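Bear in mind these aren't lab numbers, they're just calculated from the coordinates by the rules spelled out. None of these values were measured; they are calculated from a predicted model. When we count neighbours, we look across all protein chains shown, and the Cβ atoms used for this are built from the backbone with ideal geometry, even at glycine.
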Amino acid sequence: MRLITTMLALLQVSSGAYADAIKYIDTHVHLESRGGLIKFPEAARNAVETMAQKGISYSILMPPPMLHSVRSPYDIDLLLPLVKEHSNRFGVMGGGLVLNGILHSKPAEKITATDRAEFRAKAEQLLAKGAIGFGEITIVHFSLSMMGGGHPYEEIPADHPLLILLADIAAENDVPIDVHLDVSPEDRPLPAGLPSTNPALLKENLAAFERLLTHNTKAKIVWSHAGSDPGMMRTPALMRRLLAKHPNLYMSLRAARPDPNPATAWRQLGVLKEGWLALIRDFPDRFILGSDQFHPASEDDRRTPSLGLDFLQKMVNNLPPDLAPKVAYENAKRIYKLP
């Protein structure tokens, strides 16, 4: 309770200040399905109201990365009517179930020509329906207690043949791929604090990710959740090396509770650490914002606190004037080809 009170106090801003605040584009948003998929229209309307309150001019909806076994799954078809209804507020990505489910059900060593043809057809169908990119696609995703007891651990090699194929399709159509990768630069034990539903030994996965990045340098890869890594490995030093080496790599920043570990970007709520600020300054065209917010149909259904949206707006308004517009909206408009 004390933490929440402190967070709210730090985020109190006068109405005049908010009028002058920089509006931003949120490139990574989900609709909360706990209230039932039938409530998605209400969730979208609630999201629009929240966006107006939090200074968000446009959001990109996407299905979470799901396995075919997940109950109540959804993909782009349930989102498209909402995007049409709120066309000036939402864009949509596709593949969180359709493509992610295939990737996690087809062993990399057993992919056939038929598999490749069917996967390409499904990916191109998503684009034909109106997707502006592919996502959320999981390479490695930790199981997290905060997401509920059924939240699974997901893992595929980043150079899975079908993910390599998706990079080619994305490059051909000049659309991005939003990937979730809880990175392990080397084999290591499961970090303390992560539930036992994850493997006790985490395997190195960075080399395969770099093979994905180098396979087709025209494929724009947006690596989600920078600055909030639960595995505490995604440090500014690692990000700097990868950004310098791979010009097709982009990062979306997600708010997180301040932590001394360098993999956490926040010195205090909404204020970046110097190392992260220096990283953005050196790669100003490669960072965007992605809250990972789950918008519910009503506050009773809310799973993730909306305070993270305030943190991102506070961060944007704390950025130097030459960086703030790029991170807030200019980079996102270019990467996703937004109007």
Quickly work out the Arg267-to-Gln125 label distance, labels modelled 7 Å from Cα along the C-beta direction, and quote it in nm with one decimal. 5.1
Which residue, Thr138, Thr112, Thr217, tops the fluctuation ranking in a GNM of the chain built on C-alpha contacts under 10 Å? Thr112
Using bins 10 angstrom wide from zero, how does P(r) for the stretch 57-190 break down, in % of all Cα pairs? 12, 41, 34, 12, 1
Assign one of three labels to the stretch 23-336, namely rounded, prolate or oblate, based on the Cα gyration tensor with a ≥ b ≥ c the square roots of its eigenvalues; rounded applies when a/c is under 1.5, prolate when it is not and a/b is larger than b/c, and oblate otherwise. rounded
Determine the percent antiparallel among the DSSP beta bridges restricted to the chain, to the nearest 5. 20
Residue-span extension gain [Thr217 to Lys84] - 0.36 nm each, minus C-alpha spacing: 44.7 nm
Centroid-to-centroid separation of the stretch 166-215 and the stretch 27-66 [C-alpha atoms, Å]: 26
Of every Cα-Cα pair in the stretch 232-294, the percent that sits beyond 15 Å: 50
Take the eigenvalues of the Cα gyration tensor for the stretch 199-339, scale each by 5, and report the square roots as semi-axes in whole Å, largest first. 23, 20, 17
The chain: DSSP helices with Cα axial extent of at least 15 Å and average Kyte-Doolittle hydropathy no lower than -0.5: 161-173, 307-318
Over the Cα atoms of the stretch 141-254, each weighted equally, I'd like the Debye log10 I(q)/I(0) at q = 0.24 Å⁻¹, rounded to two decimals. -1.45
Check: the stretch 23-336 dipole with +1 on Lys, Arg Cβ and -1 on Asp, Glu Cβ, in debye: 460
Max mean-square fluctuation residue, GNM over the chain, Cα-Cα springs under 10 Å, options Lys110, Lys326, Lys39: Lys110
With point charges of +1 on the Cβ of Lys and Arg and -1 on the Cβ of Asp and Glu, referenced to the Cα centre of the chain, which listed residue (Leu166, Ala113, Ile60) lies farthest in the positive direction of the dipole? Ile60
Dipole size in debye (nearest 20) for the stretch 46-120 around its Cα centre, Lys and Arg Cβ +1, Asp and Glu Cβ -1? 100
DSSP-defined beta bridges in the stretch 124-214 - what % are antiparallel, rounded to 5: 50
Among Tyr336, Phe209, Leu79, whose Cα projects farthest towards the positive end of the dipole of the chain, with charges put on the beta-carbon of Lys, Arg (+1) and Asp, Glu (-1)? Tyr336
Which entries of Lys23/Lys333; Lys218/Lys273; Lys129/Lys337 have Cα-Cα distances beyond 21 Å here? Lys218/Lys273
With only helices counted (DSSP H, runs n ≥ 4, each -39500 (n - 2.57)), the per-residue ellipticity at 222 nm for the chain, to the nearest 500, works out to -10500 deg cm²/dmol
Inter-site label distance for Ser306 and Glu330 at 7 Å from Cα along Cβ, in nm: 3.0
With Cβ to Cβ distances under 12 Å as the rule, what net charge do the other residues near Pro236 carry (K, R +1; D, E -1)? +2
